[in-house]
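Quick notes on the structure that follows.
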Amino acid sequence: MNGWILAATAVLGAGVGATVWGVATGPLRRRVVAQNLSTALACPALLLLAQGYDRPAYVDLALVLALLGPVGTLVFARLLAGELAGDPPRARALTRSAAGLGAGVVLALCVAVGPSRALLKLLVVGVLLVGGNLLASRALSGGMAGARRG
Amino acid sequence: MGEAVIVVALLLVAVSATAAVAVRDPVRQSLVLAVLGVVLAVLFTVLQAPDVALSQLAVGSALTPLLLLLTVRKVKRRGRRRRENEP
């Protein structure tokens, strides 16, 4: 067991474990935020696992998750807009810290990988992860209010 | 020591699957199901089955919640229309 897998275990146990608890209990606004954070935290864990197992092909998983996770959150934001309009979810600090964690993991992996084609792929994953996460959380906290009437 | 990450992934799957069964409201259930799909994909990755994890991610993270939420919305709308026609 090397340091990368240890870090992935920590992210999975603390981060994803907390989001599982958050999505299983509490009001609806907390649940949608927890669902968004679960994809934002599982993606860095998958990247760390790919580096830990020394299998660059596993980065594809993180790429797919970084692409589809925000899509899933946008589905919830659009179809639950009526329920969420009453008390919109606000979790700016949590979303920013999850995005910061993703960016930090991508930077650490970039340093470990060194300049190559894999570095480019990692950067694409990082941009998709942080950008998609911020976009989805903005849509959750009221950006879809106009779509509700349409 | 190397099995710690497998144990953590298995625990996450067990907890989220139990929560998916225990939650009664279908809307909230679809949220738990989305998280369960992501956690299952992580478990498959840890067990060295990335192709299974890839298809699980594609289906579980966006498609299943979308189908569930569309169904709930249609059922609700039909129930409302029937209630308006009855009296």
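The values are calculated or read from the model by the stated rules, or taken from the named source; none is laboratory data. Just so it is clear, the structure is predicted and the values come from calculations on it, not from any experiment. Neighbour counts are summed over all protein chains in view; Cβ atoms, including those assigned to glycine, are modelled from backbone coordinates with ideal geometry. We work out accessible area using only protein heavy atoms, side chains counted, and drop any ligands, DNA or RNA first. Shrake-Rupley method; radii C 1.70, N 1.55, O 1.52, S 1.80 Å.
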Just checking, how many residues over the stretch A:43-89 are at the interface with chain B (Cβ under 8 Å from one of its Cβ atoms), over 18 Å from A:VAL127 (Cα atoms) and among the aliphatic types (A, V, I, L, M)?
5
Does A:VAL16 satisfy the condition of being open to solvent by 20 Å² or more (accessible area, probe 1.4 Å) and part of a helix (DSSP H, G or I)?
no
Go through the stretch B:10-50 and give me each residue that's open to solvent by less than 10 Å² (accessible area, probe 1.4 Å), within 23 Å of A:LEU49 (Cα to Cα) and either among the hydroxyl-bearing types (Ser, Thr, Tyr) or not in a helix (DSSP H, G or I) (or both).
B:SER16, B:THR45
All but one of (1) farther than 18 Å from A:ALA77 by Cα; (2) at the interface with chain A (Cβ under 7 Å from one of its Cβ atoms); (3) touching a residue at least 40 places away in the same chain (Cβ under 8 Å) hold for B:LEU54, so report the exception by its number.
(3)
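Say whether the condition of being among the small types (Gly, Ala, Ser) and surrounded by 13 or more Cβ atoms within 10 Å (Cβ to Cβ) is met by at least one residue in the stretch B:77-86.
no
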Quick check: anything in the stretch A:112-132 within 30 Å of B:VAL72 (Cα to Cα), open to solvent by less than 50 Å² (accessible area, probe 1.4 Å) and in contact with a Pro (Cβ under 7 Å, 6 or more places away or on another chain)?
yes
When residues of the stretch A:68-97 are limited to those that are of a type in the set (Ser, Thr, Tyr) and crowded, with 22+ Cβ neighbours inside 10 Å, the one farthest from B:ALA62 (Cα to Cα):
A:THR95
It is to be established whether one or more residues within the stretch A:67-80 are modelled with pLDDT of 90 or more and closer than 16 Å to A:ILE5 by Cα.
no
